[in-house]
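Below is one structure, written out as structure tokens, with a few remarks after it.
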Amino acid sequence: MPPILLDGLILGGRAVIIYAVILLMVKLMGKREVGQLSPFDFVVGVMIGSVAAIPMEDARLPFLPSLVPIIVLAGLEILVSTFALHNVKFRKLVEDKPTILVSDGKLLPENMRKVRMNIDDLKQELRKHGIVNINEVKEGTLESSGDFSVILKKEHIPLTASDLQTTTLHNLNRLFEVYAVQAHGELQHLLTDGGKAVRNGQPLRRQRF
């Protein structure tokens, strides 16, 4: 077999094995979207990708020793994420903290400088949430994952079907209460006038409601 073809088969086989190993390591490290990776997760991912490419570039390099750094990095990621899960101080060390950028419709310039976000970037994030007027925002936060979350002020929160149903039932109950009070008052008035009429020997008059 020609050496070129042999090297191609070796590199192809290595690619399949490394793909399977990395896929297994990723599944062991847990399900996370790319946008939810912490800085440590991102660094480990880049290093694994770099190390995995080395044995696929040269068929003369020993293969098994090349798998050791991949397994070590994946194990380190699992260990760090597990420890961070149970230790708040360590989690704050390896992961970014959420940063509030908008509070009660007002920008927080100091926090924006810390995360290096300008007003145009902030407006873009607000538009993604369908917000044009910043005064509608009660709290806007840049999360540790890099996502931007928004809490609207109470008066600007859109009504849901549940809200409409609750409001309708409340209005009906209130309407029934009002009519019940009115009917009770009319009945009391009728009974009072009727009693007086009977005592005075006068015929009862029909009441109109």
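Below are the figures for this structure:
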quantity: Meets criteria (under 22 Å from residue 143 (Cα atoms), assigned by TED's automatic domain parsing to the domain that holds residue 152 and acidic (Asp, Glu)) for residue 77; calculated: no
quantity: Single match in 139, 143 (criterion: in contact (Cβ under 8 Å) with a residue 12 or more places away in the chain, of a type outside the set (A, V, I, L, M, F, W, C) and within 24 Å of residue 41 (Cβ to Cβ)); calculated: 143
quantity: Set 70, 4, 100, 54: member being free of Cβ contacts under 8 Å to residues at least 60 places away in the same chain and within 29 Å of the chain's Cα centre (by Cα); calculated: 100
quantity: Qualifying residue in the stretch 58-67 (condition: at pLDDT 85 or above and within 25 Å of residue 145 (Cα to Cα)); calculated: no
quantity: Which numbered condition residue 144 misses (of (1) modelled with pLDDT under 65; (2) touching a Pro at 6+ places or on another chain (Cβ under 6 Å)); calculated: (1)
quantity: Residue 132 surrounded by 15 or more Cβ atoms within 10 Å (Cβ to Cβ) and either of a type in the set (Val, Ile, Thr) or outside the structural domain of residue 40 (by TED's automatic domain parsing) (or both); calculated: no
quantity: Residue in the stretch 182-194 that is at pLDDT below 65, surrounded by 10 or more Cβ atoms within 10 Å (Cβ to Cβ) and not in a strand (DSSP E or B) present; calculated: yes
quantity: Meets criteria (touching a Ser or Thr at 6+ places or on another chain (Cβ under 9 Å) and either within 30 Å of residue 5 (Cα to Cα) or part of a helix (DSSP H, G or I) (or both)) for residue 59; calculated: no
quantity: Residue 120 vs. criteria on the phi > 0 side of the Ramachandran plot and loosely packed, with under 13 Cβ neighbours inside 10 Å; calculated: no
quantity: Selection status of residue 63, aromatic (Phe, Trp, Tyr) and under 30 Å from residue 117 (Cβ atoms); calculated: no
quantity: Failed condition for residue 82, given (1) under 30 Å from residue 17 (Cβ atoms); (2) assigned to a helix (DSSP H, G or I); (3) touching a helix residue (DSSP H, G or I) at 6+ places or on another chain (Cβ under 9 Å); (4) not hydrophobic (A, V, I, L, M, F, W, C); calculated: (3)
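The values are calculated or read from the model by the stated rules, or taken from the named source; none is laboratory data. Model, not experiment: these values are computed from the prediction. Heads up, the Cβs are rebuilt from the backbone with ideal geometry, glycines too, and the neighbour counts pull from every protein chain shown.
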